[in-house]
Amino acid sequence: MQWSVTVGGKSSVVQIPDNIPDNAAFDATIDGRSVQLRWQRHTRALFIKDLTKSNDWAAINIRSKSVAKFPGEGDIAVSAEFSAAGASDPINMEAIVSVYFPGQDSKEGSRKKKPAVVRSQITGKVLKIMVNAGDIVSAGDTLMIIEAMKMENRVLANTGGVIDTVKVKELDTVASGAELLKFK
């Protein structure tokens, strides 16, 4: 099975088997590079074989924060926390995962590609909208601010592009997963 994983605007193609065995090594490819992985279900850790350091296995602990799939959309929004073995600080990751079909980045695939959607990761009140339809933004730009539990949370662009439509207004209350805006 092939997945296209986009993290911070950078896409990678990951090839993994359809069935992942528990605690047994399996082959995978990441952007064409062969790796060996091992998944341990009871510890929720993914191990990767480091071929540059005497074939040692390095652990990557994964704590899923949220996984959201929305009706009519093939993409899955994943929020997770990773920590490498021995690391003191976890790494938070927001990713969009979708099944990858070879050639989807060609002209035929791009014609069928639908606009990118930005959804709320939290339930709260829209305090300030920083963009309008037609604005050009870069990955990492602040799109709006949502207040939740008296804290202001910035909604950032996960990709660059042109804003097509803004689906909310200031002072609207939004639920987690609500569509905030679309890119062209």
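The values are calculated or read from the model by the stated rules, or taken from the named source; none is laboratory data. Being a predicted model, the structure only gives us computed values, none of them experimental. Every residue, glycine among them, receives a Cβ derived from its backbone with ideal geometry; neighbour counts consider all protein chains shown.
Worth pointing out:
- Taking the listed residues Ile136, Ile145, the one that is surrounded by 12 or more Cβ atoms within 10 Å (Cβ to Cβ), among the β-branched types (Val, Ile, Thr) and not assigned by TED's automatic domain parsing to the domain that holds Ala77 is Ile145, with no other qualifying.
- Flag if Ser110 is modelled with pLDDT under 90 and in a loop (DSSP other than H, G, I, E, B): no
- Members of region 155-166 found to be outside any strand (DSSP E or B) and either in contact with a Phe, Trp or Tyr (Cβ under 7 Å, 6 or more places away or on another chain) or surrounded by 15 or more Cβ atoms within 10 Å (Cβ to Cβ) (or both), listed by number: Ala157, Asn158, Thr159
- Among the candidates Asp164, Asp135, residue that is touching a Pro at 6+ places or on another chain (Cβ under 7 Å) and either among the hydroxyl-bearing types (Ser, Thr, Tyr) or farther than 18 Å from Ala77 by Cα (or both): Asp164
- Qualifying residues in region 19-53 (those that are at pLDDT below 75 and part of a loop (DSSP other than H, G, I, E, B)) - the one nearest to Asp75 (Cα to Cα): Asp31
- Selection from region 137-163 of residues that are within 14 Å of Ala116 (Cα to Cα) and either among the small types (Gly, Ala, Ser) or over 21 Å from the mean Cα position of the chain (by Cα) (or both): Ser138, Ala139, Ala157, Gly160, Gly161
- Enumeration of residues in region 118-161 that are of a type in the set (A, V, I, L, M) and touching a Gly at 6+ places or on another chain (Cβ under 7 Å): Val137, Ala139, Ile146, Ala148, Leu156, Ala157
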